[in-house]
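*Asks:* Shown below is the structure under consideration.
The values are calculated or read from the model by the stated rules, or taken from the named source; none is laboratory data. Just so it is clear, the model here is predicted, and its values are computed rather than measured. With ideal geometry, Cβ positions are generated from the backbone for all residues, glycine too; neighbour counts draw on all protein chains shown. Protein only, heavy atoms only, side chains kept; ligands, DNA and RNA dropped before computing areas. Shrake-Rupley method; radii C 1.70, N 1.55, O 1.52, S 1.80 Å.
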Amino acid sequence: MIRRIGILTSGGDSPGMNAAIRAVTRTALSNGIEVVGIKDGYRGLYEGNFMSMKKTDVSDILDRGGTKLGSARLKEFKDVKVQEKCVENLKKSGIDAIVVIGGDGSYRGALALTKLGINCIGLPGTIDNDIPGTDYTIGFDTALNTVVEAVDKLRDTSSSHHRCSVVEVMGNHCGDLALWAGISCGAEIVVTPETGYDEVEILEKLMYLDRNVNKNHAIVIISEKMTHVEDLANKISNHTGFSGRATVLGHIQRGGSPTPFDRVLASRMGEKAVDLLMAGVGGHCVGILENKIISMPIEEALSTLKTSRKQLYRLFDRLV
Ligand code: ATP
């Protein structure tokens, strides 16, 4: 029987984290369980930076990006002594279980705490959509909307000047943002960790589009860290008929008011987390698979590869 749960957000923030905080808080309170907000992820857990959460403490946050609780990275949390100090803090404050909203690193922390006797449930909060065990992460849809809006605008100006826009989007280990945006915006080329980077192939394709297809603009969407986009844009100017221009969307992709999809997803996942904790489950993460909210052991999720995107890459190729 749990009487008091904690909630924290960890790793990079994402739009919709607040909706999840609200759903966890209100679902728990409506079941007679007290809620404690833990500030700044595992750092707040270590420092005992806790705040009691009432129903009104989560008013007016549903439509806000970022996270009301703050987020942080605490490398030292991998040390079992640090984890034990956190468990001590939790016990002193009467917190029986925790909901952790974050990425796979945060999941590993949640698993470690569960093994030390504090049941934890992980919710996937990141714009990159790179967490296994779920089709969508909280924040992906909002970030995708931001990217699509930006690329649509770039296309307007590119077609007036016979330009090729090279747009760098987030997604260090996962190309979903680039791929989904590529399909949504009718990009000519997407470059992601899954496709790999082949500069000669990109330049040849653009030359072909310029000479043989008579395109008056082109869009290349590229995941971060694949290459230096300014260099690529210069090479496009030097070797193809297009004038290359690079745009790095950067952190604007992390902000903004969450879309209704992300708000509903976060709310459904937050409710599920509390249901699991009330049923005595720990060490699980929540996901959405084929539009059903599910949970699975964190260890299982972390050992599964994210479902292949082959069909979407094939679709992209067919539509260019
Ligand atoms: P993002 O997707 O935004 O990077 P993340 O949750 O994967 O989110 P990380 O920086 O990897 O971000 O992890 C967040 C925090 O989780 C770390 O600062 C650390 O406190 C904790 N953490 C990460 N890996 C582990 C681990 N192996 N064991 C225990 N705790 C961990």
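*Asks:* Hey, which of the helices (runs of 4 or more DSSP H) in region 80-176, taking only ones fully inside, have at least 3 residues that are within 11 Å of the ligand (Cβ to nearest atom)?
*Replies:* The helices (runs of 4 or more DSSP H) meeting that bar are 80-92, 104-115.
*Asks:* Look through K292, K306, K272 and report the one residue that is of a type in the set (K, R) and under 16 Å from the mean Cα position of the chain (by Cα).
*Replies:* Just one listed residue meets the conditions, K306.
*Asks:* If you don't mind, another one. Restrict the check to region 259-266 and report whether at least one residue is farther than 18 Å from G12 by Cα and modelled with pLDDT under 95.
*Replies:* no
*Asks:* Okay, next question. Please state which of the following conditions A23 fails to meet, knowing it meets all the rest: (1) away from the ligand (no atom under 13 Å from the Cβ); (2) without any contact (Cβ under 8 Å) to a residue 40 or more places away in the chain.
*Replies:* Of (1) away from the ligand (no atom under 13 Å from the Cβ); (2) without any contact (Cβ under 8 Å) to a residue 40 or more places away in the chain, only one is false for A23: (2).
*Asks:* Which one of these does V80 not meet: (1) open to solvent by less than 10 Å² (accessible area, probe 1.4 Å); (2) more than 25 Å from R254 (Cβ to Cβ)?
*Replies:* (1)
*Asks:* Please note which helices (runs of 4 or more DSSP H) are completely contained in region 236-320 and include at least 2 residues that are farther than 16 Å from Y107 by Cβ and touching a Pro at 6+ places or on another chain (Cβ under 9 Å).
*Replies:* So the answer is 260-278.
*Asks:* Right, something else. Could you list all residues from region 225-240 that are open to solvent by less than 40 Å² (accessible area, probe 1.4 Å) and under 19 Å from C185 (Cβ atoms)?
*Replies:* V229, L232, A233, I236
*Asks:* Within region 278-294, which residues are over 23 Å from V35 (Cα atoms) and open to solvent by less than 20 Å² (accessible area, probe 1.4 Å)?
*Replies:* Scanning region 278-294 gives a single hit, I288.
*Asks:* Considering each residue of region 53-77, count those that are more than 17 Å from the chain's Cα centre (by Cα), more than 16 Å from R22 (Cα to Cα) and touching a residue at least 12 places away in the same chain (Cβ under 8 Å), and give that number.
*Replies:* So the answer is 3.
*Asks:* Condition first: free of Cβ contacts under 8 Å to residues at least 12 places away in the same chain and farther than 21 Å from A150 by Cβ. Now tell me which residues in region 238-263 satisfy that.
*Replies:* Within region 238-263, N238 is the sole residue that qualifies.
*Asks:* Let me ask another. Do we find that I298 is open to solvent by less than 80 Å² (accessible area, probe 1.4 Å), in contact with a Leu (Cβ under 7 Å, 6 or more places away or on another chain) and modelled with pLDDT of 95 or more in this structure?
*Replies:* Considered against the rule, which asks whether it is open to solvent by less than 80 Å² (accessible area, probe 1.4 Å), in contact with a Leu (Cβ under 7 Å, 6 or more places away or on another chain) and modelled with pLDDT of 95 or more, I298 comes out as yes.
*Asks:* Within region 45-61, identify whether any single residue is surrounded by 24 or more Cβ atoms within 10 Å (Cβ to Cβ), closer than 22 Å to L111 by Cα and of a type outside the set (D, E, K, R), and answer yes or no.
*Replies:* Within region 45-61, the first condition is being surrounded by 24 or more Cβ atoms within 10 Å (Cβ to Cβ), and the residues that meet it are 45, 53.
This time we only want the ones that are closer than 22 Å to L111 by Cα, so: 45.
Subsequent filtering for residues that are of a type outside the set (D, E, K, R) retains 45.
Among the residues of region 45-61, at least one is surrounded by 24 or more Cβ atoms within 10 Å (Cβ to Cβ), closer than 22 Å to L111 by Cα and of a type outside the set (D, E, K, R), which makes the answer yes.
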